[in-house]
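A.B. asks: One structure, as structure tokens, below. Some questions next.
The values are calculated or read from the model by the stated rules, or taken from the named source; none is laboratory data. This structure is a prediction, so every number in the text was calculated from the model and none was measured. Note that each Cβ is placed from the backbone with ideal geometry, even for glycine, and that neighbours are counted across all protein chains shown. With ligands, DNA and RNA removed, areas are computed over all heavy atoms of the protein, side chains included. Shrake-Rupley method; radii C 1.70, N 1.55, O 1.52, S 1.80 Å.
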Amino acid sequence: MLESLKQLRPWQKAVFVFIVLVTGYAGWEQIKTGNVLPASQQESQQNLQSINITVQDRQTLQPVENVSARIVFDGPPVQKMSDRNGYFEIQIPPRKSATVTLTKDGFITAQETINLETDPSTTRVLYMDAQN
């Protein structure tokens with residue numbers, strides 16, 4: 001390889017050095033910002049399945065907004081918040097289970113396990129009961 005580089009014209013060497021520097025800098029920036037994932041995590045992130053969830057009051061069937069949702073599957077828990085329509089979206093691996101814990105003042109904490117192997121539906125309605 002060194003012999004090949006010696007045979008290059010000066011402008012070709014300059015372009016080669018520029019490409020190496022830019023590529024190295026871009027790689028360094030990805031490492032610094034944490035955008036580089038190990039191959040196993042990159043693969044698992046590509047295989048995630050989106051699940052659309054709507055939270056409703058069990059008695060009135062009205063959407064419940066501002067519900068704090070804690071989703072646990074492999075790795076650290078993920079926090080989500082339902083919008084004014086009671087909606088939020090999560091992503092889980094297709095062959096894994098995720099536990100979703102819903103909390104909101106004035107409601108009893110609810111917990112639901114989502115397993116795409118037993119129920120492949122990607123749209124779910126989860127219910128919460130109002131406290132008396």
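A.B. asks: Collect the residues in the range 86-96 that are touching an Asp or Glu at 6+ places or on another chain (Cβ under 8 Å), surrounded by 13 or more Cβ atoms within 10 Å (Cβ to Cβ) and either more than 24 Å from GLN59 (Cβ to Cβ) or of a type outside the set (Gly, Ala, Ser) (or both), keeping them in residue-number order.
C.D. replies: Answer for the range 86-96, where residues must be touching an Asp or Glu at 6+ places or on another chain (Cβ under 8 Å), surrounded by 13 or more Cβ atoms within 10 Å (Cβ to Cβ) and either more than 24 Å from GLN59 (Cβ to Cβ) or of a type outside the set (Gly, Ala, Ser) (or both): PRO93, LYS96.
A.B. asks: How many residues, within the range 104-132, are closer than 19 Å to ILE92 by Cα, of a type in the set (Ser, Thr, Tyr) and open to solvent by 80 Å² or more (accessible area, probe 1.4 Å)?
C.D. replies: Qualifying residue count, the range 104-132: 3.
A.B. asks: If you don't mind, there's one more thing I want to ask. Could you grab me the full set of residues in the range 58-85 that are touching a residue at least 60 places away in the same chain (Cβ under 8 Å) and surrounded by fewer than 17 Cβ atoms within 10 Å (Cβ to Cβ)? Step through it out loud before you land on a result.
C.D. replies: To start, the set of residues in the range 58-85 that are touching a residue at least 60 places away in the same chain (Cβ under 8 Å) comprises 58-59, 64, 67.
Within the range 58-85, ARG58, GLN59 meet the criteria.
A.B. asks: Further question: Checking VAL100 against (1) open to solvent by 40 Å² or more (accessible area, probe 1.4 Å); (2) out of contact with any Leu (no Cβ under 6 Å at 6 or more places or on another chain); (3) not hydroxyl-bearing (Ser, Thr, Tyr), which single condition isn't satisfied?
C.D. replies: Here VAL100 meets the rest and fails (1).
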